[in-house]
1. So what's the angle, to the nearest 10 degrees on a 0 to 90 scale, between helix 165-178 and the longest Cα principal axis of the chain?
2. Taking the chain as a Gaussian network, Cα atoms linked when under 10 Å apart, which of I252, I224, I171 shows the biggest mean-square fluctuation?
3. What whole-number distance in Å separates the alpha-carbon centres of the range 104-135 and the range 165-185?
4. With every protein chain in place, what's the accessible area of M160 (1.4 Å probe, Å², nearest 10)?
5. Fully extended, how many nm does the chain gain between C52 and V150 (0.36 nm per residue separation, minus their Cα-Cα distance)?
6. In units of 2.2 N^0.38 Å, what is the alpha-carbon radius of gyration of the range 205-265?
7. How much length is gained on full extension from H36 to A112, taking 0.36 nm per residue of separation minus their Cα-Cα distance?
8. Looking at the range 199-255, which trypsin sites (Lys or Arg not before Pro) are in a loop (DSSP not H, G, I, E or B) and have at most 16 other Cβ atoms within 10 Å?
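The values are calculated or read from the model by the stated rules, or taken from the named source; none is laboratory data. None of these values were measured; they are calculated from a predicted model. Here the Cβ positions follow ideal geometry from the backbone for every residue, glycine too, while neighbour counts run over all protein chains shown. The accessibility values were calculated without ligands, DNA or RNA, using every heavy atom of the protein model including side chains. Shrake-Rupley method; radii C 1.70, N 1.55, O 1.52, S 1.80 Å.
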Amino acid sequence: MKRLSFHYHLKITMDAPVSFHHFTLRCVPSSDARQHITELRHFLSPVDDLSCGRDQWGNALLYGCCRGLQSSFEANVCGLTDVGPAFGTPTENPERERVFSFATPLTKADGALRDFAESLSVRTGAPAEMETVMRRVHDALSYQPGATTVHTTAAEAFSMGCGVCQDYAHIMLAALRVHSIPARYAAGMLLGEGESHAWVEVLHEGLWTGYDPANCLVVSDQHIKLSHGRDAQDCAINRGIFRGGAKQKTDISVIVTESEERRLC
């Protein structure tokens, strides 16, 4: 088991002052069978009202409002977590999880992607099968930042043959859903420095197991999960509205390191 120190930083910059900024953030990890959050702090500015809650998938939320004029907004979430090696996380409601067997607009397979899915040896979603699927998806794409957007579908990324972690995850989800295998999108952080990361969790015999097709890794003690859902839209880090006609720019930075000390940012 590893102890990881994490710092998630989000900054939104507006090109003109706005007011009544209402926001909902999914950048807070929760404890589960694989990760145990031992320390957690969050710092948001500016903010007048702030609450914590859960969305329909059980993901932790921070939501609130800044009523006064502002031209930027920052959120910092940091803490410590003990993360274990790869093993399944038990499902709480097997019947409810069937929703993850169906395609969404972002994970709908077209002809070429469906042909790819049908070429895979998928029967039950067992780990050995899923590792093969993960490798096939990994080999089908080249990692190319900037080639796709948050709106790019799995079929479009597969046709282009390139993308980022979100696209790898969507393609694997699309392929598995062709076979009616329950699989969900997971967003989180990866050991090192960078931005948010994404992978896939597959349900087999009552357990969710994570697979990271962008890195061709079974999810283990290098990954900290923030949220899960049907696709990237369900796991959007930030959603909000404000009063004003400003354009906004979002910057995200993530630092995850191994830690022997009980220290926070």
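1. Around 40 degrees separate the two axes.
2. Residue with maximal mean-square fluctuation among I252, I224, I171: I252.
3. 7 Å
4. Its heavy atoms expose roughly 100 Å² to the probe.
5. 32.7 nm
6. Relative to the 2.2 N^0.38 Å estimate, the range 205-265 comes out at 1.60.
7. 23.3 nm
8. Those that pass, being in a loop and sparsely packed, are K247.
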